[in-house]
Amino acid sequence: MYDFKITAADTATMYRDLASALEGLVAGESDSVANMANAAALIWETLPDVNWVGFYRNVGGELVVGPFQGRPACVRIAFGSGVCGVAAATRKVQRVDDVNAFDGHIACDSASASEIVVPLIRDGELIGVLDIDSPNNGRFSEEDEVGCVRLGEILARVL
Ligand code: SME
């Protein structure tokens, strides 16, 4: 078992430490399920105030749930549907302060209040999305977005 304890004073440093821990964790491993599983566990352990961290994979043009931490989630999401589906269809990060105000939001866990979804793209191909939910409204700042995009870049290379 790896014991990463990331306790940084500020958000930017925390994401920098998280990114280097993630790079170390996936280095030299080409199995995408293993990398998604460890990445979900690392992010879950590190980020405060989150209730779901995980992946939806692009399986033939449909999002299918992958490794995650949190409550059991909906299995299949169509491109364009919900926050994850919009991130997949537009290939743009979705940072949603209030999921209840997001048209078409899919409530897998009624405790979720805000959410960030990062599309994972390699060589022009959408591999899937990284999805992080929080029980707090407006949990994810612009700094969180920058940090999560960095995590997505590391992950896209190894999934
Ligand atoms: N809320 C997401 C669905 C996935 S769960 O949050 C794990 C959405 O609207 O796409």
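Residues that are of a type in the set (A, V, I, L, M, F, W, C) and open to solvent by 40 Å² or more (accessible area, probe 1.4 Å) within the range 62-87 comprise 68, 75, 78, 79, listed in sequence order.
Here's the yes/no breakdown for (1) within 16 Å of the ligand (Cβ to nearest atom); (2) out of contact with any Pro (no Cβ under 9 Å at 6 or more places or on another chain); (3) over 19 Å from residue 121 (Cα atoms); (4) assigned to a strand (DSSP E or B):
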| position | (1), (2), (3), (4) |
| --- | --- |
| 19 | no, yes, no, no |
| 24 | no, yes, yes, no |
| 34 | no, no, no, no |
| 77 | yes, yes, no, yes |
| 83 | yes, yes, no, no |
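Across the range 109-122, the qualifying residues are those that are out of contact with any Phe, Trp or Tyr (no Cβ under 7 Å at 6 or more places or on another chain) and closer than 19 Å to residue 79 by Cα, and the one among them that is farthest from the ligand (Cβ to nearest atom) is 122. Condition (residue is more than 9 Å from the ligand (Cβ to nearest atom), over 23 Å from residue 19 (Cα atoms) and not in a helix (DSSP H, G or I)) applied to the range 85-93: is it met by at least one residue? Looking through the range 85-93, none of the residues is more than 9 Å from the ligand (Cβ to nearest atom), over 23 Å from residue 19 (Cα atoms) and not in a helix (DSSP H, G or I).
Of the numbered criteria (1) more than 12 Å from the ligand (Cβ to nearest atom); (2) within 23 Å of residue 141 (Cα to Cα); (3) not in a loop (DSSP other than H, G, I, E, B), the one residue 127 fails is (2). Quick check: is even one residue across the range 95-113 open to solvent by 20 Å² or more (accessible area, probe 1.4 Å) and either assigned to a strand (DSSP E or B) or closer than 19 Å to residue 159 by Cβ (or both)? Yes; the residues of the range 95-113 include at least one that is open to solvent by 20 Å² or more (accessible area, probe 1.4 Å) and either assigned to a strand (DSSP E or B) or closer than 19 Å to residue 159 by Cβ (or both). A search for C-beta distances below 7 Å between a residue of the range 44-64 that is without any contact (Cβ under 8 Å) to a residue 60 or more places away in the chain and any residue that is more than 13 Å from the ligand (Cβ to nearest atom) and open to solvent by less than 10 Å² (accessible area, probe 1.4 Å), counting only pairs 6+ apart in sequence or on different chains, returns 46/18. Kindly indicate whether residue 57 is open to solvent by 50 Å² or more (accessible area, probe 1.4 Å) and more than 10 Å from the ligand (Cβ to nearest atom). Criteria met by residue 57.
The values are calculated or read from the model by the stated rules, or taken from the named source; none is laboratory data. On a predicted model such as this, the values are computed, not experimentally measured, just so you know. Reconstructed Cβ throughout: ideal geometry from the backbone, glycine too, with neighbour counts over all protein chains shown. All accessible areas refer to the heavy atoms of the entire protein, side chains included, with ligands and DNA or RNA removed. Shrake-Rupley method; radii C 1.70, N 1.55, O 1.52, S 1.80 Å.
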